[in-house]
Amino acid sequence: MIEPVLTIVVPCYNEEEVLPDTIEQLEGQLKELIDDELVSKQSKILFVDDGSKDRTWELIYKEGLRNDYVRGLKLSRNVGHQNALLAGLFTAKEHSDCVISIDADLQDDIRVIREFIVRFHQGYEIVYGVRKGRETDTLFKRSTAQGFYKLMKKMGVDLVYNHADFRLLSKRAVQELERFNEVNLFLRGIVPLLGFRSDVVYYDRLERQAGETKYPLKKMLGFALDGITSFSVSPIRFVLIIGFVSFFMSLLFGGYFLFLKFFGTTQTGWTSLITSIWLIGGLQLIAIGLIGEYVGKIYKETKHRPKFIVEIDSYSLPVPRHHLL
Ligand code: UDP
Ligand code: MG
C-alpha cells in the first residue's frame, strides 16, 4: 500500500513562545505516524507565519534548515487566522494527499491527528475535530461562542457545533475549497458546503500552552461580524450602532415616562411624542445599517482581492538569502 502524504498546516501569529514546543510535539506525532506506516515519509509540517512581529519566522526558517519535516510559508503581512490558514492549505495541497489544520498553541489534542488519518484511510475526505467540553475556556469565551453558534444556526448557516479549525481535508476537498472565490471566506461555514464523506472525532480541548490568545474580545467581535476591520463598512456600522442606541433610549424613555405617569406628573402629548421619535428613529437607523452591512459585503466581494500574498514558500527553496529573515 502507498501511504498518503500528509501536511499539517499551522498558522502562527506572534507565537515565538510556544513554537519550539509545538514543533517538537508535532514532529514527534508525525514520526510516529510514519513509523506506523499510516502516512508517507514525505509528510511535512507547514508553518504559516502570518506577518508576525516577533521571532516567529526566524524560528520557523531556522528549524526548516535542519529539519526536513518542517516547511515554512511567510506571508507579507498579517491577514488573520482564516486567510493564513487558507494560504497554508492551498500551498500544502500541491504536495500532499491530505492536510490537517491545527492552531500553533496546541490547544487541540494532537493525538487526534492519528484518528483523523485512520478515518482518511477509511475513505472520509473531511474529518472534523470537535471539542467535548469547553472547560478550559473562560466563561465569557464559552458563552459568547455558544451565542455565536446559536445565532448562526438561526440564520441558516450549517456549522459543526464546537468545531474550530482543527480538521482533516483531502486534497480534493481543498481543491474544491479553492473555487470558493469570496473574500469573506468563513471556513467553518464553507467546509460543510463542500459535501464529500465526512466524519467527526471528539477530543478534550486543553489550555493554551504559553503566550496570549490572539483572539482578544475585539478580534472575536470582528470575527463574528465578519470584516469589521474594513473601513468601507464601518461608517454604516456606526449608523447601526446609533440606531440601537436610539432604540434603547426610546425604551428607557418609555419606561421612565410610564413610571412618571403612575407615580408623578407628565406632560400630555410630549412624552408619547418624544418616545415615538426615538423609537422610530432608532428602528430606521437599524434598518439602514443592516442594508448597509449587505451593501458593504457586496462592495467587498466585487473587488476580488487576493486573500493572501505569499512572500516565501520554503517548498520551492532556494530563495535569495536576504529574503529569508
Ligand atoms: N493566528 C494567525 N493570525 C492572526 C491571529 C491568530 O495566524 O491574526 C493564529 C494563531 O497563531 C493561532 C491560531 O491562529 O495558531 C488561533 O489563535 P488563538 O489560539 O490565539 O485563538 P483562540 O484559540 O484563543 O481562539
Ligand atoms: Mg488558541
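Brief remarks on what is shown
- With 0.36 nm allotted per residue and the present C-alpha distance subtracted, the LYS261-ASN67 stretch has 62.1 nm of extension available.
- Between LEU252 and LYS53, the modelled label-to-label distance comes to 3.5 nm, taking each label 7 Å out from Cα in the direction of the beta carbon.
- By the equivalent-ellipsoid construction on the alpha carbon gyration tensor, the range 258-307 comes out with semi-axes of 44, 9, 5 Å, ordered largest to smallest.
- Length gained when the stretch PHE238-TYR294 is fully extended (0.36 nm per residue, less Cα-Cα span): 18.7 nm
- Radius, Kirkwood style, for the chain when every pair of distinct Cα atoms is counted (Å): 22.1 Å
- Placed amide H near ILE8: partners under 5 Å, 5+ positions off or other chain: LYS44, ILE45, LEU46, ILE100
- 23 Å tail of the calculated P(r), the range 1-157, as % of Cα pairs: 42 percent
- Remark on PHE166: its backbone amide H falls under 5 Å from those of GLY129, a criterion applied only to residues 5 or more positions apart or on other chains, H modelled at 1.01 Å from N.
- Among the trypsin sites (Lys or Arg not before Pro) in the range 87-147, those located in a DSSP loop and surrounded by at most 11 other Cβ atoms within 10 Å of their own Cβ are ARG111, LYS132.
- Between 0 and 90°, nearest 10: helix 270-303 axis offset from the chain longest Cα axis: 30 degrees
- Beta bridges by DSSP in the chain, antiparallel share as percent, to the nearest 5: 35 percent
Every read-out reported here was derived from the displayed coordinates using simple, explicitly stated rules and does not represent laboratory data. Since the structure is predicted, the reported quantities are computational estimates derived from the model, not experimental observations. Reconstructed Cβ throughout: ideal geometry from the backbone, glycine too, with neighbour counts over all protein chains shown.
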